[in-house]
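The values are calculated or read from the model by the stated rules, or taken from the named source; none is laboratory data. These numbers were taken from a predicted model, which means no experiment stands behind them. Ideal geometry is used to build each Cβ from the backbone, glycine not excepted, and the neighbour counts take in all protein chains shown. Only protein heavy atoms, including side chains, enter the accessible area calculation; ligands, DNA and RNA are left aside. Shrake-Rupley method; radii C 1.70, N 1.55, O 1.52, S 1.80 Å.
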Amino acid sequence: MHNINYIRENPTEFDNSMKTRGEKPIAYKIINIDKEKREAQTVMQNLLAERNQLSKIIGKLKSEKKDTINEMAKVEDLKNNINTLKELETLKDDELKAILSRLPNIPDSSTPIGAYEEENVFYREWGNKPNFDFEPKLHFEIGENSNLMNFEIATKLSGPRFVILKGQLSKFERAIANFMLDKHTNLNGYLEIHVPYLVKSETLYGTGQLPKFSDDLFTAGDDHWLIPTAEVPLTSLCSNQILNVNQLPMRVTSYTPCFRSEAGAAGKDTRGMLRQHQFTKVELVSLVEPEQSSDELERMLNCAEGILKDLNLHYRVMTLCTGDMGFGAKKTYDIEVWLPGENKYREISSCSNCGDFQSRRMNTRYKKNDKNIYVHTLNGSGLAVGRTLIAILENYQTLDGNVKIPEVLKKYFDNQDTLF
RNA sequence: GGAGAGAUGGGUGAGUGGCUUAAACCACAGGUUUGCUAAACCUGCGAAGGAGGUAACUCUUUCCGAGGGUUCGAAUCCCUCUCUCUCCGCCA
């Protein structure tokens, strides 16, 4: 949610920001509605003050057994005006909220301006593309050939975009997640949290998925929604709270399934387990003081990159341009891992600084020098477990169709050298 | 799922229609004094807004779980909902 005072004071800058995100100019309209709201409010409050005065007088007169007909008549008049103004104020406030809640965050000054994915900017890379002396297979070829990955059964049970992992592959998924969690909790200072996978619409509003993106979500009825990412419950842990400054920075992590309807992705990535309705992810979330959020984004990116380095997987980091960035983000880095089977880089993590955009929506503040300040929130994948599994299958495959186990994962996988 | 009891500031907790401008205590912050691992005393201490002023500030509205209603006036009365606790039932 945007700070109305900022829009009031910087309408041109605000519209320019929105333009880079594909929105039309709207500051003028917002300011007008806000003005109408405040005018109604001011007049109403003056009348309320008058009513309160009169009520006190009436109380006093009654206790003295005196006549109150004049005062009662005055209050009756006031009441009608108050009700009319109250309705007007509510109307204008609803209008304002409807607009503000659907506008994306203002990009950071360091976010490159652009409309499409192609305009994302290369930030850095690590490692090299591996050399194969045979034609590397795609992850689902390796999976299906070994009979450990099955899409038909999953489709029979749940429809398209689901998968079943069996035996060693199912266990391998678990090993990858455990490795990530151990690293983030033991070395990177994140506190592991077990969160609900169903949340209320109010919670999704706080992180920005609602009201605008309900089509991307699965609902379970009764105001319960399946989480599209653990970012939603983790970021919301301290909603409607005033934290003490010494609770910051707060760093939390969670390993959860994520559920996405992939409504806009019809026909895209239909083969394999790259784009599923359900996948697992280790998520990182930080709540920090405003001055620290830029540094925290770099730190978080390093935590996510560290996993890929440990796994010796080649990747590049892209800075997303304004048009490709998510709704709540001020700045986002995508980590794209190299997939030799596909001969492509593919997103495996996305780390975003949301500034105070989410904390305003969910009302998370901290107290410093007697002031209540909105925290800055950050989230990042550390990493998407399913896609990490894909990356290992494709990068560590051998000619005979087996897969070598990366050194750091062996202790999570009964010290085996190969997948099967 | 059934029955009962509750929800008041950071915490405990008083408050059954106007004398509450939400008491008191604890915690916290600042200060004074005594003098030493502390005590006593004083002061301050919830949130979100609006109007005025260059400003320190002043005035004012709303908020006692949430939303409606009654009333000149609601923490207090009425209705709906949510959550918590206790007991019973069911259950991994």
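Annotation: amide H of A:LEU383 within the under-5 Å range of A:VAL282, sequence separation 5 or more or interchain, hydrogens built in the peptide plane.
Think of a 1.4 Å ball rolled over the protein heavy atoms: chain A then has 50 Å² of accessible area per residue. Applying 1/(1 + (r/R0)^6) with R0 = 51 Å to the Cβ-Cβ distance of A:ARG102 and A:ASP133 gives a FRET efficiency near 0.45. Figure note: A:LYS137, A:LYS344 ranked by solvent-accessible area, largest first, 1.4 Å probe, ligands and nucleic acids not counted: A:LYS344, A:LYS137. For A:ILE82, the accessible surface of its heavy atoms amounts to roughly 20 Å² (probe 1.4 Å, protein chains only, rounded to the nearest 10).
What a 1.4 Å probe finds exposed on chain A is 48% carbon and sulfur by accessible area, rounded to a whole percent.
Computed from Cα atoms, the angle from the helix A:69-100 axis to the main principal axis of chain A rounds to 20 degrees. Estimated at the nearest 10 Å², the accessible area of A:GLU202 is 120 Å² with a 1.4 Å probe. Accessible-area rank, largest first, for A:HIS2, A:HIS194: A:HIS194, A:HIS2, with all protein chains present and a 1.4 angstrom probe.
3J(HN,Hα) couplings calculated from phi for the range A:148-160 with the Karplus curve 6.51 cos²θ - 1.76 cosθ + 1.60 (θ = phi - 60°) are, in sequence order, 10, 9, 9, 8, 5, 4, 4, 5, 4, 6, 10, x, x Hz; Gly and Pro show x. Entry note, chain A: the mean residue ellipticity at 222 nm calculated from DSSP H runs of n ≥ 4, each adding -39500 (n - 2.57), is -13000 deg cm²/dmol after division by the residues and rounding to the nearest 500. Considering only A:ARG275, A:ARG365, A:ARG387, the mean-square fluctuation computed in a Gaussian network model of chain A, springs between alpha carbons under 10 angstrom, is largest for A:ARG275.
Taking amide H atoms as placed 1.01 Å from N in the peptide plane, the amide H of A:LYS331 lies under 5 Å from those of A:ASP108, A:ASN353, each 5 or more residues away in sequence or on another chain. Compared with the dominant principal axis of the Cα atoms in chain A, helix A:167-186 is inclined by about 50°. Between A:GLU407 and A:GLN53, the modelled labels are 8.2 nm apart [label points 7 Å from Cα along Cα→Cβ].
Among residues other than A:LYS183 with Cβ under 12 Å from its Cβ, the summed charge is -3 (Lys and Arg +1, Asp and Glu -1).
Sequence-ordered 3J(HN,Hα) estimates for the range A:109-124 from the Karplus curve with 6.51, -1.76 and 1.60 and θ = phi - 60° stand at 5, 8, 7, x, 8, x, 9, 10, 3, 5, 9, 5, 10, 4, 9, 6 Hz, glycine and proline given as x.
Placing unit charges on each Cβ (+1 for Lys and Arg, -1 for Asp and Glu) gives the range A:117-412 a dipole about its Cα centre, and among A:LEU313, A:THR256, A:ALA154 the Cα reaching farthest toward its positive end belongs to A:THR256.
In chain A, the longest principal axis of the Cα atoms and the axis of helix A:385-395 are about 30 degrees apart. With both labels modelled 7 Å from their Cα along Cα-to-Cβ, the A:ASP310 to A:VAL245 distance reads 3.4 nm. Please report the net charge: other residues with Cβ closer than 13 Å to the Cβ of A:ILE82, K and R +1, D and E -1. Summing Lys/Arg as +1 and Asp/Glu as -1 gives -1. Along the range A:207-216 the Karplus relation, 6.51 cos²θ - 1.76 cosθ + 1.60 evaluated at θ = phi - 60°, assigns HN-Hα couplings of 8, x, 5, 10, x, 7, 10, 4, 5, 7 Hz to successive residues, with x for each Gly and Pro. As a rough guide to protection, the peptides A:100-109, A:171-180, A:244-253 ranked by mean Cβ packing within 10 Å, highest first, stand as A:171-180, A:100-109, A:244-253.
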